[in-house]
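Read the structure below first, then the notes.
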Amino acid sequence: MSLRLPLLVLTGAGISAESGVPTFRGVDGLWRNYRAEELATPEAFAADPKLVWEWYDWRRREIAKCTPNAAHRSIVEIESHVADEDPDSFLLVTQNVDGLHELAGSERMERIHGSIWEVQCIKCGWSGVDRSAPLKRLPPTCRSCKGTLRPGVVWFGESLNAGTLRRSVDAAEGAGTVLVVGTSSLVYPAAALPETALRRGAHVVEFNIEDTPLTPFVHESVRGPAAEALPQWWARQVK
Ligand code: OAD
């Protein structure tokens with residue numbers, strides 16, 4: 001295998017597009033004419049928790065119908081292939097909150113924006129997984145203190161989990177190769193990971209159906225739907 005290790009894979013909503021999960025900035029990106037930036041914020045939740053939960057409940061119901069596609073499965077195959085050589089030489093960092101990477105079998109991963117299946121109580125701090133779709137009531141309430149629950153995702157203006165970010169930045173700084181799959185490369189700090197790796201001399205491959213702000217700087221730009229492009233690219237690596 002010609003891949004320079006360690007390998008970092010960064011994914012965005014585009015990798016789940018062929019599973020039927022709506023992306024954020026594509027043609028299917030709006031919900032009742034709201035953009036994600038208007039709903040995925042602490043201010044929007046404080047102003048109208050029911051509206052924000054209606055959006056998440058809609059996304060949870062949409063995602064519950066979806067299954068991992070060939071691109072998710074390719075990343076699992078790449079993980080096991082690389083980890084066979086050196087278990088510490090692979091990390092998947094996903095911006096996605098849909099849980100499809102976990103469903104496909106990915107293990108060595110960081111969910112840099114959290115999970116749509118996790119909920120947190122804004123009163124007592126309890127957090128857990130709730131996979132009910134649809135949710136029984138909106139907004140959902142905490143079983144122990146009756147406080148309002150929020151989605152376990154990172155909102156605009158919120159800081160990321162420090163440990164998750166540290167491990168992701170460490171992987172970018174030490175990467176030999178980075179695969180950037182299905183992200184518009186617009187949202188930081190996730191979008192800074194490939195930039196950091198490039199500065200450190202990593203080989204960066206972008207998989208997308210169109211150009212992004214990262215495209216001019218990558219070593220390989222693979223055009224096409226990830227569910228086809230990524231398995232085909234991987235097949236060429238292991239030939
Ligand atoms: P976007 O919706 O911004 O971008 C999706 C990217 O996937 C675009 O570059 C598309 O061209 C590409 N794409 C679409 N279909 C594809 C396919 N079949 N194969 C390959 N690429 C495809 O989603 P993200 O980049 O993930 O943050 O957005 C980043 C963050 O913005 C999200 O994590 C979320 C959002 O607000 C938070 O919620 C904090």
In whole Hz and in residue order, list the ³J(HN,Hα) couplings for the stretch 173-187 that follow from phi through the Karplus curve 6.51 cos²θ - 1.76 cosθ + 1.60, θ = phi - 60°; x for Gly and Pro. 5, x, 5, x, 9, 10, 9, 10, 10, x, 10, 6, 6, 10, 9
Share, in percent, of DSSP beta bridges within the chain that are antiparallel, nearest 5: 30 percent
Which residues' amide hydrogens lie under 5 Å from the amide hydrogen of F207, considering only partners 5 or more residues apart or on another chain, with H built in the peptide plane? V180, V181, G182, V222
Here the relative contact order (percent) of the stretch 115-235, from C-alpha pairs under 8 Å and at least 6 apart, is 17 percent
Please state the relative contact order of the chain as a whole percent: Cα pairs under 8 Å, 6+ residues apart? 25 percent
Using a 1.4 Å probe and counting only protein heavy atoms, arrange K146, K50 so the residue with the most accessible area comes first. K146, K50
Taking K136 as the anchor, which lysines have their alpha carbon closer than 30 Å to its alpha carbon, excluding any fewer than eight residues away along the same chain? K50, K65, K123, K146
What does the helix-only formula give at 222 nm for the chain: each DSSP H stretch with n ≥ 4 adding -39500 (n - 2.57), the total divided by the residues, and the result rounded to the nearest 500 deg cm²/dmol? -10000 deg cm²/dmol
Using θ = phi - 60° and the Karplus relation 6.51 cos²θ - 1.76 cosθ + 1.60, list the HN-Hα couplings for the stretch 98-114 in order, rounded to whole Hz, with x at every Gly or Pro. 7, x, 6, 5, 5, 4, 6, x, 5, 10, 7, 8, 10, 9, 5, 10, x
Name the residue, out of A64, A227, A46, whose mean-square fluctuation peaks in a Gaussian network model built on the chain with Cα pairs under 10 Å. A46
Report the Cα centroid-to-centroid distance between the stretch 1-77 and the stretch 170-239 in angstrom, as an integer. 18 Å
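The values are calculated or read from the model by the stated rules, or taken from the named source; none is laboratory data. What you see is a predicted model, and the numbers here were worked out from it, not measured in a lab. The area values use the complete protein model at the heavy-atom level, side chains included, leaving out ligands, DNA and RNA. Shrake-Rupley method; radii C 1.70, N 1.55, O 1.52, S 1.80 Å.
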